[in-house]
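The values are calculated or read from the model by the stated rules, or taken from the named source; none is laboratory data. Predicted, not measured: the structure shown is a model, and the values here were computed from it. Cβ coordinates were reconstructed from backbone atoms using ideal geometry, including for glycine residues, and neighbour counts include every protein chain displayed. These area figures cover heavy atoms from the full protein model, side chains too; ligands, DNA and RNA do not enter into them. Shrake-Rupley method; radii C 1.70, N 1.55, O 1.52, S 1.80 Å.
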Amino acid sequence: MASSLRHCVLLALLLCAVSVAFTSVSGGGSGLGPITTNGRNYTKVCDAARFAAMGLEMGGFRYCDASLPYAERVRDLVGRLTLEEKVRNLGDRAEGAARVGLPPYLWWGEALHGVSDTGPGGTRFGDVVPGATSFPLVINSAAAFNETLWGAIGGAVSTEIRAMYNLGHAELTYWSPNINVVRDPRWGRASETPGEDPFVVGRYAVNFVRAMQDIDGAGPGAGADPFSRPIKVSSCCKHYAAYDVDAWLTADRLTFDARVEERDMIETFERPFEMCVRDGDASCVMCSYNRINGVPACANARLLSETVRGEWQLHGYIVSDCDSVRVMVRDAKWLGYNGVEATAAAMKAGLDLDCGMYWEGAQDFFTAFGLDAVRQGKLRESEVDNALGNLYLTLMRLGFFDGIPELESLGADDVCTEEHKELAADAARQGMVLIKNDHRRLPLDTNKVHSLSLVGLLQHINATDVMLGDYRGKPCRVVTPYDAISKVVSATSVHMCDDGACGTAADVKTVDATIVIAGLNMSVEKEGNDREDLLLPWNQTNWINAVAEASPYPIILVIISAGGVDVSFAQNNPKIGAIVWAGYPGEEGGTAIANVLFGRYNPGGRLPLTWYKNEYISKIPMTSMALRPVAGKGYPGRTYKFYGGPEVLYPFGHGLSYSNFSYASDATAASVTVPVGAWESCKQLTRKPGTAPLACPAVNVAGHGCQEEVGFSLTVANRGSRDGTHVVMVYTVPPAEVDDAPLKQLVAFRRVFVPAGAAVQVPFTLNVCKAFAIVEETAYTVVPSGVSTVLVGDEALSFSFPVKIELAV
């Protein structure tokens, strides 16, 4: 409010009055409430004045009795609806039912890396909310390997959503994050995800979802009813499951049938979603377009009802990716089903809400065909009731009916705050990855660099659009690379290159340093568009080499991209002294790039994806879902867990610093005895030929108490002259006798700040069942007997020790 009043001095009195009125938020039908009834705005459904305006007496509706449990209130609400009214509330543009005081609701919201206005009007920018903070794309944030940062971003986004909701500019349900694992480097949606490692993806999901949903850090409590826990914003983990083909050659996501082995489903494709639901307590899961082994994900009862809701105990609702039910009929032509049959199949499988686009004037398939599905005996009305129960129980928890007092003071002053903009800049800085730095070409010394040439495509140098990536809203502001770099070196000349050439770039011969900004954009990698190769498009390789050759000093190359790019030419060219991966760094990306290049920030990010040479993709089709090598077809493995061959340019976890770090630890070996109870049975392992058999090769994690731990402490020393952050990455390596196991698997990570010349102690405690388990080919998750290895770090800096696990029968 104070900020608005200060601005009023500069405005006409009429505009001032409007601004102050819009900034204030209150109940009882004043201000800009999110619920409009008879032309007036309200902040909650169960407002007596709102009911009175509709000619209704709120006291006659038990679902508005706040003294009753949520479940009882929802039963009352659903029980009052006719079948026709019920069906009209099964789509993302729910119509409500004025007869019983239920308003319409727009379920579709997006908040991938900030509040987005993607979707049919649920989130709206304008007047008092001209924009919202646009954070770096998720792949950038993942590169920070900082769980605290991920939570801070989720908290800031949910605060801005809740403030916009109070002002009538947003809803409360947001279908983010995207937690599909990047299995193939060509996938167009890599920018939206936390990378290739299922554990990292899962931890990102847990931190982001908890921060989106938890109120004042109050997460799920032991003994508390999780269906009654209030939540700030509903967060949705998508796209479940085995979805990572959009449009590659003749394959597209609408018709693709992902043929997946059970081991890969458990080990890779399901794991982040299980962590999201079990540990993050997500209130929503979105199913994907594709089929899995012949069955559409959104009509797969084993995936939805049995696994998500049954085994993992989802406390919320399941929604389709938009148009997925129609896709079953129109595109996949699954079982020859018509709209009625597809609707019935999806709802019986456990789908609660159909996000539909447009179909002959109808909002979605559920609305169009739900009534006939019941009347034709293909669907029970009680199944419709269950779906609506899951939906309205979620809205109860969000305060849609009663409000949440501690959140009602949020308003326009809580959107695009200086704190949030600085968080966006810090997130971009933390996610920057220094890939190459020959002869310490970076950081640039401003005492020596008085003139500078900035070379590249206009879209990258003046990246007002490119840096924001996909699923963005309207940013608070955009700081481009040119904006930020020219503030550091005022004598910055700009040489714009077109798609084919870069001219002579003569000015690079006369300046103290040359920075080239190159890479990709959303026309190359985005939803609905997979990549054809891993090379730089638009002849960039040729003109980058030409600029490097013309420059008297080694140039600096900044890469804008999500997926890996084969920049072997730059890695091998001594006239390209340094390479920085900037990803799609969001609205403050220019500031972050300049901070890193000029040494105001010491980079500490790590690649969350393996960067392959372009030759890799000729060896395996994108449609092969196997993670392990397929010897019979000559397919190599995928991701760092199953491939370490010559086509790797930069490995997963690669990242340099302006400092030098070292490791030390007293841990030399560890042993753990795991008792196998009388109720448990030993499991077999796939062992390499010639290895001696064991009496008890492995124990099933699902039937074990899992209390055993391995602890150790690591000393991280900064041997450099600059303060810096360092990401400690802890892997485990299965016993050498186990066949077809991961080469290694990440089980813990921590980003630590270490002052120059100092050292810090970093303790780790590894749960044996979580850190040393593998998924056997039978799809059991087991702890193998034998000597595993704890491996900390990789490449030049590493530390390891053996861990002997003995299974005591």
ask   = Considering region 393-411 alone, what residues qualify as being open to solvent by less than 10 Å² (accessible area, probe 1.4 Å) and not in a loop (DSSP other than H, G, I, E, B)?
value = T394, L395, M396, R397
request  = Just need a number here: residues in region 730-787 that are of a type in the set (D, E, K, R), closer than 19 Å to K641 by Cβ and in contact with a His (Cβ under 9 Å, 6 or more places away or on another chain).
outcome  = 0
ask   = Restricted to region 297-325, and to residues that are in contact with a strand residue (DSSP E or B) (Cβ under 8 Å, 6 or more places away or on another chain) and outside any helix (DSSP H, G or I), which residue is nearest to I179 (Cα to Cα)?
value = D321
ask   = Restricting attention to region 453-495, which residues are part of a helix (DSSP H, G or I) and among the β-branched types (V, I, T)?
value = I461, V466, I485, V488
key: Among the candidates P198, P230, residue that is in contact with a helix residue (DSSP H, G or I) (Cβ under 8 Å, 6 or more places away or on another chain), open to solvent by 10 Å² or more (accessible area, probe 1.4 Å) and not aliphatic (A, V, I, L, M)   = P230
query = Among the residues of region 633-650, is there at least one that is open to solvent by 20 Å² or more (accessible area, probe 1.4 Å), in a loop (DSSP other than H, G, I, E, B), among the charged types (D, E, K, R) and farther than 25 Å from P608 by Cβ?
reply = no
task = For region 73-89, indicate whether the set of residues that are within 37 Å of the chain's Cα centre (by Cα) and at pLDDT below 95 is non-empty.
result = no
Any hit, region 533-556, residues being within 29 Å of D321 (Cα to Cα) and under 22 Å from the mean Cα position of the chain (by Cα) = no
request  = Return yes when M54 is closer than 30 Å to A224 by Cβ, not assigned by the TED database to the domain that holds F401 and not hydroxyl-bearing (S, T, Y) and no when it is not.
outcome  = no
key: Unmet requirement for E647, which otherwise passes all of (1) under 27 Å from L766 (Cα atoms); (2) without any contact (Cβ under 8 Å) to a residue 40 or more places away in the chain; (3) touching a strand residue (DSSP E or B) at 6+ places or on another chain (Cβ under 6 Å)   = (1)
remark   = Looking across region 569-586 at residues that are in a loop (DSSP other than H, G, I, E, B) and over 27 Å from R472 (Cα atoms), the single one that is least open to solvent (accessible area, probe 1.4 Å) is N573
ask   = Do we find that V727 is open to solvent by less than 50 Å² (accessible area, probe 1.4 Å) and either of a type in the set (G, A, S) or over 29 Å from the mean Cα position of the chain (by Cα) (or both) in this structure?
value = no
task = List every residue pair whose Cβ atoms lie under 7 Å apart, where the two residues are 6 or more positions apart in sequence or sit on different chains, the first residue falls within region 373-398 and is hydroxyl-bearing (S, T, Y), and the second residue, located anywhere, is surrounded by fewer than 23 Cβ atoms within 10 Å (Cβ to Cβ).
result = Y392/V78
note = Of those in region 233-250 that are in a strand (DSSP E or B) and not charged (D, E, K, R), the residue surrounded by the most Cβ atoms within 10 Å (Cβ to Cβ) is C237
note = Among the residues of region 532-568, the number that are out of contact with any Lys or Arg (no Cβ under 7 Å at 6 or more places or on another chain), closer than 30 Å to D252 by Cβ and not in a helix (DSSP H, G or I) is 15
note = Of the residues in region 106-122, those that are open to solvent by 10 Å² or more (accessible area, probe 1.4 Å) and on the phi < 0 side of the Ramachandran plot come to L106, W108, D117, T118, P120
Checking A779 against (1) open to solvent by 10 Å² or more (accessible area, probe 1.4 Å); (2) in contact with a strand residue (DSSP E or B) (Cβ under 9 Å, 6 or more places away or on another chain); (3) among the small types (G, A, S); (4) modelled with pLDDT of 95 or more, the condition it does not meet = (2)
Meets criteria (of a type outside the set (A, V, I, L, M, F, W, C), part of a loop (DSSP other than H, G, I, E, B) and either closer than 28 Å to L90 by Cβ or in the same structural domain as S320 (by the TED database) (or both)) for G370 = no
request  = Test L597 against the stated conditions and say whether it is buried (at least 17 other Cβ atoms within 10 Å of the Cβ), of a type outside the set (F, W, Y) and within 18 Å of V245 (Cβ to Cβ).
outcome  = no
ask   = Within region 331-353, restricting attention to residues that are assigned to a helix (DSSP H, G or I) and free of Cβ contacts under 8 Å to residues at least 12 places away in the same chain, which residue is surrounded by the fewest Cβ atoms within 10 Å (Cβ to Cβ)?
value = G336
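Okay, residues lined up against (1) assigned to a helix (DSSP H, G or I); (2) open to solvent by less than 20 Å² (accessible area, probe 1.4 Å); (3) of a type outside the set (V, I, T):
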{"residue": "A592", "(1), (2), (3)": "yes, yes, yes"}
{"residue": "P603", "(1), (2), (3)": "no, yes, yes"}
{"residue": "A626", "(1), (2), (3)": "no, no, yes"}
{"residue": "D666", "(1), (2), (3)": "no, no, yes"}
{"residue": "T673", "(1), (2), (3)": "no, no, no"}
{"residue": "A678", "(1), (2), (3)": "no, no, yes"}
query = From the list V747, V790, V809, which one is modelled with pLDDT under 95 and either among the aliphatic types (A, V, I, L, M) or surrounded by 14 or more Cβ atoms within 10 Å (Cβ to Cβ) (or both)?
reply = V809
Residue list for region 521-532, filter: open to solvent by 60 Å² or more (accessible area, probe 1.4 Å) and touching a residue at least 12 places away in the same chain (Cβ under 8 Å) = K526, E532
message = Go through region 36-54 and report how many residues are farther than 28 Å from V384 by Cβ and at pLDDT 95 or above.
response = 4
message = Residue pairs, Cβ under 7 Å, 6 or more apart or interchain, first in region 56-80 and farther than 17 Å from V384 by Cβ and open to solvent by less than 70 Å² (accessible area, probe 1.4 Å), second among the basic types (K, R) and not in a helix (DSSP H, G or I). List them.
response = none
inquiry  = Within region 383-393, does at least one residue satisfy the condition of being aliphatic (A, V, I, L, M) and over 24 Å from P69 (Cβ atoms)?
reply    = no
key: Candidates E381, E419 - the one that is surrounded by fewer than 19 Cβ atoms within 10 Å (Cβ to Cβ) and within 26 Å of the chain's Cα centre (by Cα)   = E419
query = Taking region 136-152, which residues are assigned to a helix (DSSP H, G or I), surrounded by 24 or more Cβ atoms within 10 Å (Cβ to Cβ) and more than 11 Å from the chain's Cα centre (by Cα)?
reply = A143
query = Taking region 267-325 as the search range and keeping residues that are among the aromatic types (F, W, Y) and under 24 Å from R638 (Cβ atoms), which one is surrounded by the most Cβ atoms within 10 Å (Cβ to Cβ)?
reply = F273
